[in-house]
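Visitor: There's a structure below that I have some questions on.
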Amino acid sequence: MTERLIIGRTTIDMHPCGLAVTTLPGGAEVHARPQDNDEYRARAEALGYGSDTAAMSREHEVLHAMLSHWLGLPESPTLRGVADGKHWEHWQAEEAAVLALAAMARACGVDVMALARR
């Protein structure tokens, strides 16, 4: 069963197959799935997910939306850039913030998905 989260003006549909579809204001979509490669698995381990790359992928997309909402932005500038086929010039700052939030949440035992559902 697909789970839908609405964070600010962004909607994220989590499909059982691991696909996360983020719909930005205006209807543009960004599709994300966990990757099956050494780099992706190493990142999951480093962030505290162990071997659960699906959870890392899902929470990563949710954290982009949450961070942007917390900052009062209408959407993630990085995901907007992905949807439009252009990199936002400061995408690395957003990506670093999302990864740091994921690591902090894991280290503190915070359930990102439960937080997003509130």
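What follows draws every value from the coordinates through simple rules; no lab data is involved. Just so we're clear, the structure is a prediction, and the values are computed from it rather than from any experiment. Glycine gets a Cβ as well: all are built from the backbone with ideal geometry, and neighbour counts include every protein chain shown.
Visitor: Given only helices, namely DSSP H runs of n ≥ 4 each adding -39500 (n - 2.57), what is the per-residue ellipticity at 222 nm of the chain, to the nearest 500 deg cm²/dmol?
Guide: Rounded to the nearest 500, it is -16000 deg cm²/dmol.
Visitor: If I take R0 = 41 Å and measure r between the Cβ atoms of residue 6 and residue 45 in this structure, what FRET efficiency does the formula 1/(1 + (r/R0)^6) give, to the nearest 0.05?
Guide: 0.85
Visitor: Roughly speaking, what is the centre-to-centre gap between the stretch 1-47 and the stretch 55-118 when only Cα atoms are used, to the nearest Å?
Guide: Their Cα centres are 10 Å away from one another.
Visitor: Same structure, new question: Would you kindly work out the equivalent ellipsoid of the stretch 3-117 from its C-alpha gyration tensor and give its semi-axes, the square roots of five times the eigenvalues, largest first in whole Å?
Guide: Semi-axes, largest first: 21, 15, 15 Å.
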